[in-house]
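The values are calculated or read from the model by the stated rules, or taken from the named source; none is laboratory data. Note that the coordinates shown come from a computational prediction; the quantities given were computed from them, not determined experimentally. Ideal geometry is used to build each Cβ from the backbone, glycine not excepted, and the neighbour counts take in all protein chains shown. These area figures cover heavy atoms from the full protein model, side chains too; ligands, DNA and RNA do not enter into them. Shrake-Rupley method; radii C 1.70, N 1.55, O 1.52, S 1.80 Å.
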Amino acid sequence: SAAAQPSAPPSPQEAMRAAIAAAMARSKREIPHYYLGCEAVVEPALQSLEAFNAGRPVAERLLFAALALRAVALALRDAPELNGRFVDGRFEPSSAIHLGVVTALRGGGLVVPTVHDADRLTLPELMRELHQALTRARSGQLRSSDLADSTVTVSNLGDLGTDMVYGVIYPPQVALIGLGRVAPRPVVQDGAIVAARTVHLSLAADHRASDGLIGARFLAALQRRLGQPELP
């Protein structure tokens, strides 16, 4: 009989899909997820951002994504139970806040480049780091340091029209923050219903490292920070 033909090696896209599948299967198998969500009014934040960007060249403008990442990083300062890794049966909090930013690739698959020490960066610095990391990711030029040491992950699918993100934690991390679509929605202000831009926030967290009280406090802090932005 004819000898069996060796199977072709997997393509880069197939290898990436297999790696994602293994990590996500491990996550759902091992991590007891809990989920929380809320809505944040970001109209004042966006108006301040638009005023800051007015008249500036495109290269110097700030995006809402940078504002949101900074708010996440600052809110995490008071929620150390969400920032770190669960290794060898115990949670190890991280003193640094390194945000992994989920990034879809044009050819398919995902990568998660890291914005290091996000809570210590000014908004312009964070915007620059985010832009550089995303550019390297989409051009296939990520460095090993871009992928090695994120302590929590942020998934922003709002640009694709998704209102709410229900995330899967990337092990050995213990939390994932989801950002949905920014859109005008009805809100109550001073007893009246008005239109204002809002965003839905979500938290997927590991019940071995934290509980709902911690998660709820974090989301409330994030909600407050997005409502009162710190612009340069």
Item checked: Förster radius 25 Å - calculated FRET efficiency between residue 21 and residue 139 (Cβ-Cβ, nearest 0.05) -> 0.50
Notebook entry, point to check: Measuring from label point to label point, each 7 Å out along Cα→Cβ, what is the residue 105 to residue 28 span in nm?
Noted result: 2.2
Next item on the list: Please identify, among 104, 40, 68, the residue showing maximal mean-square fluctuation in a Gaussian network model of the chain using a 10 angstrom Cα cutoff.
Entry: 104
Check: Which of the listed residues, 73, 87, 63, is farthest toward the dipole's positive end in segment 1-114, when Lys, Arg count +1 and Asp, Glu count -1 at the beta-carbon?
Finding: 87
Notebook entry, point to check: Got the relative contact order for segment 127-207 handy, in percent, Cα pairs under 8 Å and 6 or more residues apart?
Noted result: 25
Next item on the list: Pick out which of 215, 55, 158 has the largest mean-square fluctuation in a Gaussian network model of the chain, springs linking Cα atoms closer than 10 Å.
Entry: 55
Next item on the list: Using a 1.4 Å probe and ignoring any ligands, DNA or RNA, find the accessible area of residue 14 and quote it in Å² to the nearest 10.
Entry: 110
Check: How large is the charge dipole for the chain, taken about the Cα centre, if only the Cβ atoms of Lys, Arg (+1) and Asp, Glu (-1) carry charge, to the nearest 20 debye?
Finding: 380
Notebook entry, point to check: In deg cm²/dmol and to the nearest 500, what is the mean residue ellipticity at 222 nm of the chain if only DSSP H runs of at least 4 residues count, each as -39500 (n - 2.57), divided by the residue total?
Noted result: -11000 deg cm²/dmol
Note to self: Just to be sure I understand: with springs between alpha-carbon atoms less than 10 Å apart, which residue in 185, 138, 120 has the highest mean-square fluctuation in the Gaussian network model of the chain?
What the structure shows: 185
Note to self: What are the ³J(HN,Hα) couplings of segment 185-190, residue after residue, when phi is run through the Karplus curve with 6.51, -1.76, 1.60 and θ = phi - 60°? Round to Hz, x for glycine and proline.
What the structure shows: 9, x, 9, 9, 10, 6
Checklist line | Given charges at Cβ of Lys, Arg, Asp, Glu: the chain dipole, positive-most of 133, 20, 49 | finding: 20
Notebook entry, point to check: Can you list, bin by bin at 10 Å, the percent of alpha carbon pairs in the chain, starting at 0?
Noted result: 8, 30, 35, 18, 6, 2, 1, 0, 0
Notebook entry, point to check: Once the Cβ-Cβ distance between residue 194 and residue 60 is put in as r, and R0 is 22 Å, what FRET efficiency do you end up with, to the nearest 0.05?
Noted result: 0.10
Notebook entry, point to check: Using unit Cβ charges (K, R positive; D, E negative) and no other charged atoms, how large, in debye to the nearest 20, is the dipole of segment 10-59 about its Cα centre?
Noted result: 320
Next item on the list: Sticking with the crude label model, points 7 Å out along Cα→Cβ, report the distance from residue 11 to residue 160 in nm, one decimal please.
Entry: 1.9
